[in-house]
Amino acid sequence: KNEVEQSPQNLTAQEGEFITINCSYSVGISALHWLQQHPGGGIVSLFMLSSGKKKHGRLIATINIQEKHSSLHITASHPRDSAVYICAVRDYGGSQGNLIFGKGTKLSVKP
Amino acid sequence: DTGVSQDPRHKITKRGQNVTFRCDPISEHNRLYWYRQTLGQGPEFLTYFQNEAQLEKSRLLSDRFSAERPKGSFSTLEIQRTEQGDSAMYLCASSLARTPSETQYFGPGTRLLVL
């Protein structure tokens, strides 16, 4: 079973700072997702990656398949970015339905 | 709003009672997933459907849990004889199966508290 580890668990930043959240996994995957969860529970899918890099606005996600590692970067952070960021993977040979989630990184951006 | 709705949003019940949650996915999505999330943890997979067929169940889904998707549209998750350990957020997600890596869209969740 894949083990998904995220770091850091908690992160506090000042508005405008560049932020990096890391995710590592133990077994080969077919896809990796970055998700954002706001207080109250709502989860929004940010990126789905199987290789390389994706960019959407101030968010950038990268994945290194050989190192089994992904990073989520936020440029020019803003208080509205405060949320829990969750990494989730689908095992390469595993079920189509089953995502394995990390515990999340709680980000707080101070004005 | 992702287009996935869940009802109710909150449920408080006494230990031993039965509860049922409903999920309405995005209408053209043929896959539907249930997850459970406890405080400070990431979500854990419970089960998923492709159309009306339940294709996989996690070992977390004890006999007290049952899920259905009778017409391949909405789904229900029932917990019988609730226990305090069932207190959690129950999340539903849906997706359209085009490739193995399709995006899942999550509902707002149903927060269950068992007293």
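Can you name every residue in segment B:64-88 that is buried (at least 20 other Cβ atoms within 10 Å of the Cβ) and part of a loop (DSSP other than H, G, I, E, B)?
Result: B:Arg69, B:Thr82.
Which condition number in (1) hydrophobic (A, V, I, L, M, F, W, C); (2) modelled with pLDDT of 95 or more; (3) surrounded by 14 or more Cβ atoms within 10 Å (Cβ to Cβ) is the one that B:Leu113 fails?
Here B:Leu113 clears every test but (3).
Given the criteria over 15 Å from B:Gln6 (Cβ atoms), part of a strand (DSSP E or B), of a type outside the set (Val, Ile, Thr) and touching a residue at least 40 places away in the same chain (Cβ under 8 Å), does B:Leu91 qualify?
no
Is it the case, given these coordinates, that B:Arg22 is more than 11 Å from chain A (Cβ to nearest Cβ), of a type in the set (Lys, Arg), under 26 Å from A:Gly102 (Cα atoms) and not in a loop (DSSP other than H, G, I, E, B)?
When the stated conditions are applied, B:Arg22 passes them.
Of the conditions (1) farther than 17 Å from A:Thr12 by Cβ; (2) in contact with a strand residue (DSSP E or B) (Cβ under 7 Å, 6 or more places away or on another chain); (3) not in a strand (DSSP E or B), A:Ser77 satisfies every one except a single condition; which number is it?
(1)
Within segment B:26-63, take every residue that is in a loop (DSSP other than H, G, I, E, B), crowded, with 16+ Cβ neighbours inside 10 Å and touching a Lys or Arg at 6+ places or on another chain (Cβ under 8 Å) and give me the one that is farthest from the other protein chains (Cβ to nearest Cβ).
B:Pro43
Within segment A:4-47, count every residue that is in a strand (DSSP E or B) and either at pLDDT 90 or above or within 17 Å of B:Thr38 (Cα to Cα) (or both).
So the count comes out to 24.
Cβ contacts < 7 Å: first residue in contact (Cβ under 8 Å) with a residue 24 or more places away in the chain and under 19 Å from A:Lys110 (Cβ atoms), restricted to segment A:63-82; second residue buried (at least 18 other Cβ atoms within 10 Å of the Cβ) and of a type outside the set (A, V, I, L, M), any location; separation 6+ or different chain. Result?
Pairs found: A:Ile74/A:Asp81.
Could you grab the pairs with beta carbons closer than 9 Å, sequence gap of 6+ or different chains, first residue in segment B:1-21 and within 13 Å of B:Gly109 (Cα to Cα), second one assigned to a loop (DSSP other than H, G, I, E, B) and β-branched (Val, Ile, Thr)?
As it stands, the answer is B:Thr2/B:Ile26; B:Gly3/B:Ile26; B:Val4/B:Ile26, since those pairs meet every condition given.
The values are calculated or read from the model by the stated rules, or taken from the named source; none is laboratory data. These numbers come from a predicted model, not from an experiment. Positions of Cβ are backbone-derived with ideal geometry, glycine not excepted, and every protein chain shown enters the neighbour counts.
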